[in-house]
Amino acid sequence: MTTAGPWRVLSDAGVEDIVLVCDFPTQIRPEAGFSHLAPLLDPARTVWEAVPPPAGSEQGWSSDDYLRYWMDALGDVTVGAVLGFCAGCVFAAAVTEQVAERQGRTPRLVVFDPEQPTSGALYAQYHRGAELFGAVLPPDEVVEILGRGQKLLADNDDVQIFGPALSALYAEVGDAAFARVGLDPVRRAELAATFASFVNWVVAADQIDPRPAWASATAVTSQTRGTAADLALREIRLDVAHVDLLRDAGVAGTVSELLSAVPGTVD
């Protein structure tokens, strides 16, 4: 894989129509990413992944800022399809619309277990991180950290309010926990900035209405699909766990068929 600013090349097949993918890639999550799916596509495809800006530089960015960051770096390539995963499906919808306006042809949109941003989903990520603190903090402190996050959620579940507040809380509690294991201040700040980068990405996605683009999309869903898949034109539901959706060979075969289909047709 190579990264050139806002886009990471996951695979380069030398074909004219490239595939753009939207997700928040991180090595520590259990869910597979598009880096797993890209090499499984047959025939091979050129796949570019939208990369968030460096952690810390995105503070205060809106959805328009993210889209401008990606679209300005896209150049004059021809886009044949746009794929999204979870909340990344929201950005995929906006990218599809902007690409269509630019090139005069709407790329195929495929969304995997699409989700619209919620404060509950953001809290789940905080909860996951807080549980990891259990390796260095006593149980009562972990319970307190979880309780503070739950109180924030109860006080105001508006993503635009809850997201920034949760980032600030994570920076506070994370700094104390990471100090216990001897991490220096610079590394502690980097870890807090990474979490804040994800939260800001979700907060920005919450500013987008994906429904117009999703109305013509194909949703590829797992065993635990959410209700957002109901907004797609077509759903292909597969007996695959959510965490494995982007690494499953059968899913890759289904996606390969979708990408090879004649534009405008639905089998």
> With contacts defined as alpha carbon pairs under 8 Å and 6 or more residues apart, what's the relative contact order of the range 119-205 in percent?
Replying inline: 32
> Could you work out the helix-only [θ] at 222 nm for the chain, with each DSSP H run of four or more residues adding -39,500 (n - 2.57) and the total divided by the number of residues, to the nearest 500 deg cm²/dmol?
Replying inline: -14500 deg cm²/dmol
> Once the Cβ-Cβ distance between residue 42 and residue 223 is put in as r, and R0 is 22 Å, what FRET efficiency do you end up with, to the nearest 0.05?
Replying inline: 0.35
>> What is the angle, in °, between the Cα long axis of helix 139-155 and the longest principal axis of the Cα atoms in the chain? Nearest 10 is fine, range 0 to 90.
In response: 60
>> Looking at the range 67-133, I'd like the Rg to Rh ratio, where Rg is from alpha-carbon atoms and Rh is Kirkwood's inverse mean 1/r.
In response: 1.13
>> Give me the dipole magnitude in Debye, nearest 20, for the chain about the Cα centre, with unit charges on the beta carbon: positive for Lys and Arg, negative for Asp and Glu.
In response: 200
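When 66, 170 are ordered from fewest to most other Cβ atoms inside 10 Å of their Cβ, what list results?
Fewest-to-most Cβ neighbours within 10 Å comes out as 170, 66.
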> Contour minus end-to-end for residue 230 and residue 165, with contour as 0.36 nm per residue of separation and end-to-end as the Cα-Cα distance?
Replying inline: 20.3 nm
>> Just to be sure I understand the model, the point goes 7 Å from the Cα along the line to the Cβ. What's the resulting residue 157 to residue 135 distance in nm?
In response: 3.2
> Expressed as an acute angle from 0 to 90° and rounded to the nearest 10, what is the orientation of the C-alpha long axis of helix 63-72 relative to the principal long axis of the chain?
Replying inline: 50
> So what's the angle, to the nearest 10 degrees on a 0 to 90 scale, between helix 159-180 and the longest Cα principal axis of the chain?
Replying inline: 60
> Between residue 127 and residue 76, what FRET efficiency follows from the Cβ-Cβ distance if R0 is 41 Å, with the result rounded to 0.05?
Replying inline: 0.40
> Which value in nm describes the separation of the simple spin-label points at residue 216 and residue 249, placed 7 Å from the Cα toward the beta carbon?
Replying inline: 3.5
> Taking other Cβ within 10 Å of each residue's Cβ, how do 16, 257, 49 sort, fewest first?
Replying inline: 16, 257, 49
> Could you give the semi-axes, largest first, of the ellipsoid that matches the chain, computed as the square roots of 5 times the alpha carbon gyration tensor eigenvalues and rounded to whole Å?
Replying inline: 33, 19, 18
> For residue 62 and residue 101, what is the calculated FRET efficiency with R₀ set at 22 Å and r taken between the beta-carbons, to the nearest 0.05?
Replying inline: 0.70
> So what is Rg over Rh here for the range 119-205, counting just Cα atoms and using Kirkwood for Rh?
Replying inline: 0.96
> Extension gain residue 237-residue 179, at 0.36 nm per residue separation less the Cα-Cα distance, in nm?
Replying inline: 16.4 nm
> Counting Lys and Arg as +1 and Asp and Glu as -1, what is the net charge of the other residues whose Cβ lies under 13 Å from the Cβ of residue 46?
Replying inline: -2
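Rule-based calculations on the coordinates, nothing more; no lab input. All figures in this text were calculated on a predicted structure; none of them were measured in a lab. Methodologically, a virtual Cβ is constructed for each residue, glycine included, from the backbone with ideal geometry; neighbour enumeration extends over all protein chains shown.
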